[in-house]
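Here's the structure we're looking at; comments come further down.
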Amino acid sequence: MNTASVPVTQVTTTKPNHKRLALTKFKPALILLPFALLFFMFQIAPMLWVLVNSFIYEETFSFENYLEIFDSAFILQGFTNSLWLSITSSLVAIIIAACFVSSLRRFDSWLRDWIISFTNMTANFSGVPLAFAFIIILGFNGALTLLLKKYGIIDDFNLYGQWGLLALYIYFQVPLAVLLLYPAFDALSDDWQAASALLGAKTWQFWRYIALPVLSPALLGTFIILIANAMGAYASVYALTSGNYNVITVRIASLVSGDIFLEPNLAAAISVLLILLLAFITIINQMLIGRSYHAKR
Amino acid sequence: MQNANSSSFHKFIVYGTVTLLFIPILATFIYSISSSWGATILPDGLTFDWYSQLWQDPRFIAAFGRSLFICISALILSSVLIIPAIFVVFYYFPKLNGLMNVLILLPFAVPPVVSSVGLLQIYADSSIQIVGTPWILIGTYFTIALPFMYRAIANSFEAINLADLMDAAHLLGASTTQAFFMVVLPNLKKGLFASLFLSFSFLLGEFVFSNILVGTRYETLQIYLYNMRQTSGHFTSALVMTYFAFIFLFTWLASRINRGAPS
């Protein structure tokens, strides 16, 4: 009698339990709603607008906006300038950061913490304030420009052209690269260098055959973030050159918020190409990471 | 012998890089406290006039106030919406976590200039007039703070054993809401505050959205900074250093709190 009643009560309790579970999951889902709504309004909807409107030209569906981009030497120059600045600055920054981080490992831990904190802080030094600082030291009458001129190292330095911008880009890329690479270098064990030295490897051989293959996923991953960071950069260039230097973000912005020609749909098409370019670089990067040491294991 | 050589080599690399990173900050600081610094390598005299001039400029105070208002509102909005959302995701719909991790990358992956194209077009003609007002900035700042906030808070959630903690709270007679406020929230405090300070210094430096979506109609700190570019370099340096002091303070607070947090 007693044993028979047990399954009966079990059956009766589990059934409404299921229903209650579905109901109790309904209320929590409501909590997600305002979050999802805001995210949709300010992130998804603008992206959809950009995607859809890049195909709309004079109120009909067409590829005209894209054709216009490939016909316009000016817009293509914006892409070239952006790519050159991004790739060059990312390469230089990642080399500086990698040397910096690998040398920093030889420091006492308290000093290392201090230096890393300092680097973190300079990571926030970007955009308009950074452009100002660069004008002060490297502008036409900047302290460093004058110093270098006095000793005849340079004739003149044009901060407002590609080399000035490159210096600015490298400056804001280095702290980011350090931040991203610093944890990765923990993967290197000191014993490996000792072991390779014992086996007769020179320092460059250790780096070429052991350290770099181990670090390559981190280096490639960081490289991609740096490129994306530089391609999307707008505030620093805009503040330094008042929008007169032709990079792709400045082109996009001037087409939606400039004073003269407002062509939001053309801006949308350029935006889509920019995103595609970033996606393409990311995919290449993923393929390279896939072939590296870590993924093989 | 060789060891000493390589040690000085490492010192050279590290101090060299630190010096390069420090030069623009130091130069800006010296410029901000020098009375005049024309076509000479060193300044003529030292003064704090530029700082007092800055702090007496009502336009600066107003711009700073607006920036504070927008950043703090955006962060309050983020906290109120994100924490319960993460709780719901982790506790009721753990499968959604994968999707969320992809979604929160979007603000990172899409350059702000691109999002602002769409935002400007959608909300310029819509019935809700928010372009040119602080409200559109609060909304966009919510999305750009999201990756930082989500990661930091989700990490805290992963560190605590949420299911067991909730079971224990329920067993002791707490409702889910009670358990959320009295058990879960206190456990998130450190991660939350660290991410708030970090996001704050990040948002205070935001220029793209405020320039394209709002511009001079609601002059924030960065817009003010940009608009002041034609005035005296000493004045703008004082401005940059003041801004920077705040950033330093908040980044430092964030790292202080983070160090105390269980990782």
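Filtering the stretch B:205-222 to residues that are facing chain A (nearest Cβ under 9 Å), buried (at least 19 other Cβ atoms within 10 Å of the Cβ), in contact (Cβ under 8 Å) with a residue 24 or more places away in the chain and assigned to a helix (DSSP H, G or I) leaves B:V208, B:I212, B:L213, B:Q222. Taken over the stretch A:110-120, the criterion of being facing chain B (nearest Cβ under 7 Å) and free of Cβ contacts under 8 Å to residues at least 12 places away in the same chain is satisfied by A:I115, A:S117, A:F118.
In this entry, A:F107 is excluded by the filter for residues that are hydrophobic (A, V, I, L, M, F, W, C), facing chain B (nearest Cβ under 7 Å) and closer than 25 Å to B:T28 by Cα.
Quick grid of which residues meet (1) closer than 19 Å to B:L239 by Cα; (2) of a type in the set (A, V, I, L, M, F, W, C); (3) modelled with pLDDT of 85 or more; (4) open to solvent by less than 20 Å² (accessible area, probe 1.4 Å):
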{"position": "A:S86", "(1), (2), (3), (4)": "no, no, yes, yes"}
{"position": "A:S89", "(1), (2), (3), (4)": "no, no, yes, yes"}
{"position": "A:I96", "(1), (2), (3), (4)": "no, yes, yes, no"}
{"position": "A:C99", "(1), (2), (3), (4)": "no, yes, yes, no"}
{"position": "A:R106", "(1), (2), (3), (4)": "no, no, no, no"}
{"position": "A:F118", "(1), (2), (3), (4)": "no, yes, yes, no"}
{"position": "A:V128", "(1), (2), (3), (4)": "yes, yes, yes, yes"}
{"position": "A:F132", "(1), (2), (3), (4)": "yes, yes, yes, yes"}
{"position": "A:N141", "(1), (2), (3), (4)": "no, no, no, no"}
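Take A:F107 and tell me if it is part of a loop (DSSP other than H, G, I, E, B), under 22 Å from A:I170 (Cβ atoms) and touching a helix residue (DSSP H, G or I) at 6+ places or on another chain (Cβ under 9 Å). Taking the combined requirement at face value, the residue does not satisfy it. Screening the stretch B:42-161 for helices (runs of 4 or more DSSP H) wholly inside it with 2 or more residues that are away from every other protein chain (no Cβ under 14 Å) returns the ranges B:49-55, B:58-91, B:134-159. Of the residues making up the stretch A:254-262, not a single one is closer than 21 Å to B:Q121 by Cβ, within 8 Å of chain B (Cβ to nearest Cβ), open to solvent by 40 Å² or more (accessible area, probe 1.4 Å) and modelled with pLDDT of 90 or more. Scanning the stretch A:144-161 for residues that are of a type in the set (V, I, T) and touching a helix residue (DSSP H, G or I) at 6+ places or on another chain (Cβ under 6 Å) gives A:T145, A:I154. Residue-level check: of (1) more than 27 Å from A:A45 (Cβ to Cβ); (2) more than 12 Å from chain B (Cβ to nearest Cβ); (3) open to solvent by 10 Å² or more (accessible area, probe 1.4 Å), A:F185 misses just (3). Kindly indicate the residue of the stretch B:240-256 that is more than 7 Å from chain A (Cβ to nearest Cβ) and either free of Cβ contacts under 8 Å to residues at least 12 places away in the same chain or closer than 15 Å to B:R66 by Cβ (or both) and also most open to solvent (accessible area, probe 1.4 Å) among those meeting that condition. Among those that are more than 7 Å from chain A (Cβ to nearest Cβ) and either free of Cβ contacts under 8 Å to residues at least 12 places away in the same chain or closer than 15 Å to B:R66 by Cβ (or both), it is B:R256.
Within the stretch A:152-167, is even one residue more than 8 Å from chain B (Cβ to nearest Cβ), among the small types (G, A, S) and assigned to a helix (DSSP H, G or I)? Scanning the stretch A:152-167 turns up at least one residue that is more than 8 Å from chain B (Cβ to nearest Cβ), among the small types (G, A, S) and assigned to a helix (DSSP H, G or I).
Whenever a residue of the stretch A:145-166 is without any contact (Cβ under 8 Å) to a residue 24 or more places away in the chain, its partners that are loosely packed, with under 13 Cβ neighbours inside 10 Å and among the charged types (D, E, K, R), lying with C-beta atoms within less than 9 angstrom and at least six residues away or across chains, give the pairs A:T145/A:D156; A:K149/A:D155; A:K149/A:D156. Considering only the stretch B:223-230, I want to know if a residue exists there that is modelled with pLDDT of 90 or more, within 26 Å of B:F197 (Cβ to Cβ), outside any helix (DSSP H, G or I) and under 19 Å from the mean Cα position of the chain (by Cα). No.
Per the listing A:S216, A:S236, the residue uniquely touching a Ser or Thr at 6+ places or on another chain (Cβ under 8 Å), open to solvent by less than 10 Å² (accessible area, probe 1.4 Å) and of a type in the set (S, T, Y) is A:S236.
Here's the yes/no breakdown for (1) loosely packed, with under 13 Cβ neighbours inside 10 Å; (2) over 20 Å from the mean Cα position of the chain (by Cα); (3) closer than 30 Å to A:A29 by Cβ:
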| position | (1), (2), (3) |
| --- | --- |
| B:Y51 | no, yes, no |
| B:Q56 | yes, yes, no |
| B:S67 | no, no, no |
| B:I136 | no, no, yes |
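In summary, helices (runs of 4 or more DSSP H) completely within the stretch A:177-244 and bearing 3 or more residues that are in contact with a helix residue (DSSP H, G or I) (Cβ under 8 Å, 6 or more places away or on another chain) and within 28 Å of A:A279 (Cα to Cα) occur at A:212-232, A:235-241.
If I go through the stretch A:38-61 residue by residue, how many of them are in a helix (DSSP H, G or I) and open to solvent by 80 Å² or more (accessible area, probe 1.4 Å)?
Residues in the stretch A:38-61 being in a helix (DSSP H, G or I) and open to solvent by 80 Å² or more (accessible area, probe 1.4 Å): 4 in total.
Do we find a residue being buried (at least 22 other Cβ atoms within 10 Å of the Cβ) and either touching a residue at least 12 places away in the same chain (Cβ under 8 Å) or touching a Gly at 6+ places or on another chain (Cβ under 7 Å) (or both) anywhere in the stretch B:88-102? No, every residue in the stretch B:88-102 fails to be buried (at least 22 other Cβ atoms within 10 Å of the Cβ) and either touching a residue at least 12 places away in the same chain (Cβ under 8 Å) or touching a Gly at 6+ places or on another chain (Cβ under 7 Å) (or both).
The values are calculated or read from the model by the stated rules, or taken from the named source; none is laboratory data. The structure displayed is predicted, hence computed values, not measured ones. With ideal geometry, Cβ positions are generated from the backbone for all residues, glycine too; neighbour counts draw on all protein chains shown. In case anyone asks, the SASA skips ligands and DNA or RNA and just uses the protein heavy atoms, side chains included. Shrake-Rupley method; radii C 1.70, N 1.55, O 1.52, S 1.80 Å.
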